Structures are given as C-alpha cells and as structure tokens.
1. Determine if the range 151-173 includes at least one residue that is farther than 25 Å from residue 1 by Cα, out of contact with any Cys (no Cβ under 7 Å at 6 or more places or on another chain), more than 16 Å from the ligand (Cβ to nearest atom) and outside any loop (DSSP other than H, G, I, E, B).
2. Count, please, the residues in the range 30-48 that happen to be over 19 Å from residue 19 (Cα atoms) and of a type in the set (Gly, Ala, Ser).
3. Yes or no: the range 48-62 includes at least one residue that is within 14 Å of the ligand (Cβ to nearest atom) and under 16 Å from the mean Cα position of the chain (by Cα).
4. On the basis of being touching an Asp or Glu at 6+ places or on another chain (Cβ under 6 Å), more than 15 Å from the ligand (Cβ to nearest atom), under 16 Å from residue 201 (Cβ atoms) and among the small types (Gly, Ala, Ser), does residue 125 make the cut?
5. When residues of the range 161-213 are filtered for being out of contact with any helix residue (DSSP H, G or I) (no Cβ under 8 Å at 6 or more places or on another chain) and free of Cβ contacts under 8 Å to residues at least 24 places away in the same chain, how many remain?
6. Pick out the one residue from 43, 9 that is within 12 Å of the ligand (Cβ to nearest atom), more than 29 Å from residue 117 (Cα to Cα) and at pLDDT 95 or above.
7. Since residue 132 meets every condition but one in (1) on the phi < 0 side of the Ramachandran plot; (2) out of contact with any His (no Cβ under 7 Å at 6 or more places or on another chain), which condition does it not meet?
Amino acid sequence: MAAVLLTGFAPFGGEEVNPSWQASSLIAAQRPEFAAVELPCEFGASLPALRAAIELHRPEVVVCVGQAGGRAELTPERVAINLLDARIPDNAGARPVDVPVLPGGPAAYFTTLPVKAVVAAVRQAGVPASVSHTAGTFVCNQVFYGLMHLLATEFPGTRGGFVHVPYSPEQVAAAGTNAPSLDVGRCADALGVLADTALSVTEDLSTPAGSLH
Ligand code: PCA
C-alpha cells in the first residue's frame with residue numbers, strides 16, 4: 001500500500017529522457033509513503049499498466065505526470081476529454097485520429113485533485129505553476145481520462161488527476177533551443193508538495209484560476 005501513486009512516462013518524440021518519470025521516481029525514492037511507476041508512451045499499453053499499478057499499490061491519491069514541452073510551469077490539469085487526435089505516432093507507431101478514449105463514455109471528466117490549492121502551495125514553494133484546462137489529445141489525455149474513469153467506476157474512494165511538467169534544462173540544452181525548462185530536482189520537490197496538498201486538502205480553494213482563452 002502507498003498513500004500516493006505517482007506515474008511518469010517513458011521518453012517519446014525522439015527525446016532521450018522524460019522529466020515526468022525522472023521527477024516522479026526521484027521524489028518517490030525520498031518519500032517512503034509514495035510509489036512511482038513508469039508508463040509506456042503507447043496508446044495500447046498505457047492504461048493496462050496504470051490499472052496494474054493502482055491494483056498493486058491501492059493508493060489514496062493517484063497523480064499521473066507527463067511532459068509538456070514548451071510549457072513554462074507545472075500545470076495541474078482540470079479536465080480530461082474523451083478524444084484522441086495524435087499529431088505524432090506513439091512509441092509503438094500508433095496514431096489514432098478522432099477516436100474516443102472510451103467509446104460511449106462521458107465527454108469529459110474533471111480532476112478530483114484540489115488543483116487551485118496545489119497551484120498555491122507549489123508557488124509558495126518557489127516553483128511556477130498554474131491550472132491548465134487542456135491536457136491535449138495525445139497519450140497524456142488518454143491516461144488522464146482513463147484514470148478518472150477507472151476511479152469513478154471501480155475505485156470511488158481514490159482521488160486522482162494529472163499534472164504536466166516542462167522540459168528539463170538538459171533537454172533544452174541538448175536541443176539547442178530557448179524553450180522554457182524546470183530543473184528535475186525542483187520539479188520532484190514540487191510534485192512532493194502537490195502530493196502532500198492532495199492528501200490533506202479535500203475541498204479546493206474557490207479563488208479564480210481560469211483563463212480568458
Ligand atoms: N507527454 C505526452 C505523452 C507522454 C508525455 O510525457 C502528452 O502530453 O500527451
């Protein structure tokens with residue numbers, strides 16, 4: 001049993017590493033009550049791996065983490081949609097376009113993590129963060145939607161959600177671009193703050209955190 005299950009992803013899109021897994025495994029190694037599992041970046045294999053991890057660890061809270069290259073902040077996601085539209089192939093070569101995650105499923109699920117309280121706590125710890133209203137339409141959105149469906153239908157006592165993290169500085173340096181980045185150690189600490197907040201706060205803040213576009 002673990003209080004918190006963190007998942008990160010395998011590298012994808014030509015990258016050598018994925019900071020979502022680097023940071024998740026780093027904080028889980030420091031916190032005995034956390035467990036971390038790496039998910040394949042594959043439409044066919046990611047949700048069975050997530051289900052197995054939840055069945056193994058029986059956590060109170062599940063936090064799935066993914067890389068969002070180009071984002072400048074840690075971004076807890078608010079809504080998962082029942083749509084896949086892959087701009088690039090996954091690691092197995094699959095590229096679903098305009099396919100539901102779950103045929104006949106609800107159009108969307110909301111996170112059950114206190115995303116506004118999380119953003120406030122992560123900012124307080126000195127790491128930029130904001131609420132995101134789209135997890136995209138690739139494997140991360142699939143995992144987020146699949147997670148929320150699984151929790152709603154089979155693990156109603158478990159809360160969960162998804163957070164995207166920026167590139168690491170090493171990835172940006174290797175690519176020779178000026179994309180924003182977040183140090184993996186700082187990212188790991190921020191995931192710890194996020195998880196602690198998710199464990200202790202069951203009713204989210206009602207401060208505004210929406211976006212105009
Ligand atoms: N990011 C991708 C998939 C795996 C990951 O780390 C996404 O945002 O969908």
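1. yes
2. Residues flagged as over 19 Å from residue 19 (Cα atoms) and of a type in the set (Gly, Ala, Ser) within the range 30-48 amount to 2.
3. Yes, the range 48-62 contains at least one residue that is within 14 Å of the ligand (Cβ to nearest atom) and under 16 Å from the mean Cα position of the chain (by Cα).
4. no
5. Of the residues in that region, 10 qualify.
6. 43
7. (2)
Yes/no per residue for (1) part of a helix (DSSP H, G or I); (2) basic (Lys, Arg); (3) farther than 21 Å from residue 197 by Cβ:
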residue	(1), (2), (3)
14	no, no, yes
17	no, no, yes
26	yes, no, no
29	yes, no, no
35	no, no, no
38	no, no, yes
59	no, no, no
63	no, no, no
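The values are calculated or read from the model by the stated rules, or taken from the named source; none is laboratory data. Note that the structure is predicted; figures quoted are calculated from it, not measured. Neighbour counts are summed over all protein chains in view; Cβ atoms, including those assigned to glycine, are modelled from backbone coordinates with ideal geometry.
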